[in-house]
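Take a look at the structure below.
The values are calculated or read from the model by the stated rules, or taken from the named source; none is laboratory data. Not measured: the values here are computed from a predicted model. Note that each Cβ is placed from the backbone with ideal geometry, even for glycine, and that neighbours are counted across all protein chains shown. Quick note on the areas: whole protein, heavy atoms, side chains included, nothing else; ligands and nucleic acids left out. Shrake-Rupley method; radii C 1.70, N 1.55, O 1.52, S 1.80 Å.
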Amino acid sequence: MTSHVEQWGGSDVWKVGGKVFAICGWHDNTVPGITFKTAESIYEMLRAMPGLRPAPYFASRGMKWIQRHDNPGLSDDDLRYYIAESHRLVASGFSRKKRSELGLL
């Protein structure tokens with residue numbers, strides 16, 4: 001089960017079980033900044049791609065989050081994949097009981 005809220009100065013924030021897995025905000029009205037959690041093994045590859053960077057705030061705290069901030073970034077299909085993977089990574093941190101309560105088992 002996911003939820004959507006607007007917070008942090010008008011950013012769209014998606015959560016699973018109350019924990020953030022994706023954030024979207026418009027900074028210059030051309031390319032939305034989309035932020036998502038990544039596996040440590042993929043983080044270094046993504047951060048080196050044009051249009052992607054370590055997510056401000058999250059990365060400065062040692063968290064493996066990426067932000068698409070400019071073109072070319074990721075294709076729509078790749079972006080969908082990484083957002084779904086972010087959801088899975090966040091949900092995997094829950095106990096089995098909580099995952100069951102959320103209908104994630």
(request) Scan region 3-20 residue by residue and report those that are of a type in the set (A, V, I, L, M, F, W, C) and on the phi > 0 side of the Ramachandran plot. (result) W8
(message) Quick check on region 11-31. Is at least one of its residues buried (at least 19 other Cβ atoms within 10 Å of the Cβ) and basic (K, R)?
(response) no
(request) Please verify whether region 28-50 includes one or more residues that are touching a residue at least 60 places away in the same chain (Cβ under 8 Å) and either acidic (D, E) or under 18 Å from S75 (Cα atoms) (or both). (result) no
(message) For region 32-55, give me the residue count where each residue is touching a strand residue (DSSP E or B) at 6+ places or on another chain (Cβ under 6 Å) and open to solvent by 40 Å² or more (accessible area, probe 1.4 Å).
(response) 3
